Amino acid sequence: MKYIYFLLFIPLLLLSEQSVDIDDVKNLKTKSSMQKWLDHDFGLKPYKTNYLLPYGYADTPYTSNIPTLDYENIEAELQVSLMIQVGHNFFGLKEKYYVSYTHQAFWQIYIESAPFRETTYNPEGFVVFPIDDTESIFGLRSLKLTLAHKSNGQPNTEDVVFSNGQALGNISRSINYLKSTLRLQHDTLMTDLSVWVPISDLSDNPDIMDYMGYTSLKFTYFINDNMFSVKTRGNIATQKGAVELTYSHPLVHNNLYIKFFSGYMESLIDYNRKLTKLSIGFSFSR
């Protein structure tokens, strides 16, 4: 019975567009409004990769803060990430302003009751300054400045004690940060150099920067229909961080998506736990 949740994913992957005829609609404003509705065009666009990974295998089982609940090392993962443009060219530099929201969830669908092990909420506000670098060897394309919040939405539970006397511990995780990303392009290779700093109290996770680090380097490479990415992130002082590799290839209505992760901070709840994980499924945007 526990695999019934896996079957729920199948209809989502087989959906096709419903046909609606608006050619005979006389009112142009009404027709335009209907067309936007059919195209799902309300200014929202994909931001980070939107994906559904029904099968993810980690090298060790996940730990639970609840004494009677044991997690497995096999789970599903999903991410929904959208953005909308809210302004442009305030300083005459052709810059564009956006707000975005990313929701990531780790779902233990292969155990009884199928709980969500961890959920991450990540709203952002950012501005992108275009750079038309055609003369240097760097191939600079843009500078992105971001103000972001990332948390698992949990309360401070330091004082929670179970009936057997075991303390739950604080399961709240959060960080606010400023981030700068410089993008370079060399033919079909995109390179993103990022640096960030926390800007608020880290009492829920005081040593998170030891594992999250302050910098990242990401390469995205396109060849025919295939897209590859390699991202490294870490803290040079503590020599802790992570590497993430992804591959996607178009299918009929979505993309095959494979993700490999090794290191720290796969999720916020166990940011200081090292693991290696391979996940496979589908992405609905790149």
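Observations
- The range 101-141: GluC sites (Glu not before Pro) falling in loop per DSSP and having at most 11 other Cβ within 10 Å: Glu112, Glu135
- Net charge over other residues, Cβ less than 14 angstrom from the Cβ of Tyr57 (K, R count +1; D, E count -1): -3
- The range 142-210: chymotrypsin sites (Phe, Trp or Tyr not before Pro) in DSSP coil with no more than 16 other Cβ atoms inside 10 Å: Phe162
- Think of the chain as having a plus end and a minus end, set by charges on the Cβ of Lys, Arg, Asp and Glu; of Ser151, Phe222, Ile199, Phe222 sits farthest toward the positive end of this dipole.
- Dipole check for the range 45-283: with +1 at the C-beta of Lys and Arg, -1 at the C-beta of Asp and Glu, and the Cα centre as origin, the magnitude is about 580 Debye.
- 14 Å beta-carbon shell around Lys259, net charge (K/R +1, D/E -1): +1
- Dividing the summed -39500 (n - 2.57) terms of all DSSP H runs of n ≥ 4 by the residue count of the chain sets its mean residue ellipticity at 222 nm at -3000 deg cm²/dmol.
- Full extension of the chain segment joining Leu245 with Thr60 gains 64.7 nm, where the gain is 0.36 nm per residue of separation less the Cα-Cα distance.
- The residues neighbouring Met34, those whose beta-carbon lies less than 13 Å from its own, together hold a net charge of -1 under the Lys/Arg +1, Asp/Glu -1 convention.
- For the residue pairs Lys45/Lys218; Lys218/Lys277; Lys36/Lys277; Lys218/Lys274; Lys29/Lys144, the alpha carbons lie more than 30 Å apart in Lys36/Lys277; Lys29/Lys144.
- Sorted from greatest to least, the principal axis extents spanned by the alpha carbons of the chain come out as 69, 50, 36 Å.
- More than 20 Å apart - percent of Cα-Cα pairs taken over the range 221-286: 37
- 3J(HN,Hα) along the range 96-111, derived from phi through the Karplus expression 6.51 cos²θ - 1.76 cosθ + 1.60 where θ = phi - 60°, amounts to 10, 10, 9, 10, 9, 9, 10, 10, 10, 9, 10, 10, 7, 6, 9, 10 Hz, with x in place of Gly and Pro.
- Of the chymotrypsin sites (Phe, Trp or Tyr not before Pro) found in the range 35-137, those in coil by DSSP whose Cβ has at most 10 other Cβ atoms within 10 Å are Phe42, Phe90, Phe91.
The numbers here are math on the coordinates, done by the rules we state, and not lab data. A quick note: this is a predicted structure, and the numbers were derived from the prediction, not measured. Neighbour counts run over all protein chains shown; Cβ positions are idealised from the backbone, glycine included.
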